[in-house]
Every structure is written in structure tokens, then in C-alpha cells.
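Enquirer: Before I ask anything, here is the structure I am working with.
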Amino acid sequence: MKKEKNISKILILMNEKSKLNDISKELDLSQPTIRGIIRYLKNNKILLGKRVVARFKEVGYEEIFLGINVMPEFLLSVSNALNSIKEIVELYRTSGDHVLLAHIIAPREKYNIILEKIRNIEGIDKIYPAFVEDIIKY
């Protein structure tokens, strides 16, 4: 369990573009230990490619792309509220089907709470979650 928790934390920290030294300090683990875990993740095809493309499902996390429809007069306040949610790792203003698109990475047991929190932000009309099942191209 502790190893799984370290793995998920390393993936999250790598996704936030932290340096190896920063990850080591944050988790109170040596850099060789971090490198060993990263090697394990690559060998087991959990960490894919040179940038952080990971199968978060394998370590107890859900990865969600969330289409968000926002009432126009609330776009700025909704964007600010979404920026304060740490599990939202990327947020885009888009044209097409949705006004905003959020990329969320959250522990499996917490994602419902996060979606409900987002759903209740004033100015959000509707949300459209899409859960990542597998990565086809990276």
C-alpha cells in the first residue's frame, strides 16, 4: 500500500512538472529510490513515453476529461473557482461543444466529491465527464 501511494504521488508530482530533486524532498525519499520507482513504472508500462503519460487507473486514480458548459456572465468566476481545485491539472477555454475542458486526476475514492464540487459552482450549467479507460496513442 505504501509503495502504491508513493507511485501515485510520484506520478502526480511528475505531472506537475516537478524536478526529481523536488519529488525527492516532497516525499522524503532518496533520488535513487525515485529513479528506481520510475524505472519500475516504465518497465511495467504504467509510465509511457518521455513526458508524463501514465495509466493512472493502475495506481488507484481516475483520469477524467470534463466538458463544462458555463453561463457567459460567469466565465471568469467559474474559471477562477476551477483553478483553485488542485485535482484539475489542466484547464482549457474551448469552442465547440463545451466552454471549458478540464483534465482531472483524482484518487478513485475522491472523484465523485470533486465532480459534485464542480457541479455546484455558481454559473456552471452542465458538466460532461469522460473517464479515461486506456491510452491509445502517446
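Enquirer: If I take every Cα pair under 8 Å that is 6 or more residues apart in the chain, average their sequence separation and divide by the length, what percent do I get for the relative contact order?
Expert: Rounded, it is 26 percent for the chain.
Enquirer: If you don't mind, there's one more thing I want to ask. Any idea which of Tyr111, Leu82, Asn6 is furthest toward the positive side of the dipole for the chain, if Lys and Arg beta-carbons carry +1 and Asp and Glu beta-carbons -1?
Expert: Going by the Cα projections, it comes out as Asn6.
Enquirer: For Val132, what is the net charge nearby, where nearby means another residue's Cβ is under 10 Å from its Cβ and Lys, Arg count +1, Asp, Glu -1?
Expert: That works out to -2.
Enquirer: What order do you get for Asp97, Asp22 when you list them from fewest to most C-beta neighbours inside 10 Å?
Expert: Asp97, Asp22
Enquirer: Which entry is the computed Rg and Dmax of the Cα atoms in Å for this structure: (i) 18.5, 58; (ii) 16.4, 50; (iii) 31.6, 103?
Expert: The value matching this structure is (ii).
Enquirer: Dipole of segment 60-131, Cα-centred, from +1 at each Lys and Arg C-beta and -1 at each Asp and Glu C-beta, to the nearest 20 debye?
Expert: 100 debye
Enquirer: Sticking with this one: Once both labels are modelled 7 Å past Cα along the beta-carbon direction, what's the Tyr92-Lys42 spacing in nm?
Expert: That separation, rounded to one decimal, is 2.8 nm.
Enquirer: Take Phe74, Phe56, Phe131 and order them by how many other Cβ atoms sit within 10 Å, fewest up front.
Expert: By the 10 Å Cβ count, ascending: Phe131, Phe74, Phe56.
Enquirer: Still on this structure, I have one more. List, in order, the whole-Hz ³J(HN,Hα) value for each residue of segment 56-68 obtained from phi through the Karplus relation with A = 6.51, B = -1.76, C = 1.60 and θ = phi - 60°; use x for Gly and Pro.
Expert: Rounded to whole hertz, the list is 4, 4, 5, 10, x, 10, 9, 10, 10, 9, 10, x, 10.
Enquirer: Could you work out the equivalent-ellipsoid semi-axes for segment 24-103, taking the square root of 5 times each eigenvalue of the Cα gyration tensor, largest first, in whole Å?
Expert: Value: 34, 15, 9 Å, ordered largest first.
Enquirer: Looking at the square roots a ≥ b ≥ c of the eigenvalues of the Cα gyration tensor of segment 86-138, which shape do they give, rounded for a/c under 1.5, prolate if a/b is larger than b/c, or oblate?
Expert: oblate
Enquirer: If Lys and Arg each add +1 and Asp and Glu each add -1, what is the summed charge of the other residues whose beta carbon sits under 9 Å from the beta carbon of Arg55?
Expert: Every neighbour counted, the sum reads -1.
Enquirer: If you plug each phi of segment 84-98 into the Karplus form 6.51 cos²θ - 1.76 cosθ + 1.60 with θ = phi - 60°, what whole-Hz ³J(HN,Hα) values come out, in order, with x for Gly and Pro?
Expert: With coefficients 6.51, -1.76 and 1.60, one gets 7, 8, 5, 6, 7, 8, 8, 9, 10, 8, 10, 10, x, 6, 9 Hz.
Enquirer: Per the helix-only calculation at 222 nm, which mean residue ellipticity applies to the chain, given -39500 (n - 2.57) for every DSSP H run of n ≥ 4 and division by its residues, nearest 500 deg cm²/dmol?
Expert: -11500 deg cm²/dmol
Enquirer: Could you give the size of the charge dipole of the chain about its Cα centre, using +1 on the Cβ of each K and R and -1 on the Cβ of each D and E, expressed in debye and rounded to the nearest 20?
Expert: Charge dipole, the chain, about its Cα centre: 860 debye, nearest 20.
Enquirer: Right, next: Say each of Tyr128 and Asn112 gets a label point 7 Å from the Cα, pointing the same way as Cα to Cβ; how far apart are those two points in nm?
Expert: Each label point is offset 7 Å from its Cα along the Cβ direction, giving 2.4 nm.
A short reminder: the numbers here are calculations on the coordinates, not readings from a lab. Please read these numbers as outputs of a predicted model, since none were measured by experiment. Glycine gets a Cβ as well: all are built from the backbone with ideal geometry, and neighbour counts include every protein chain shown.
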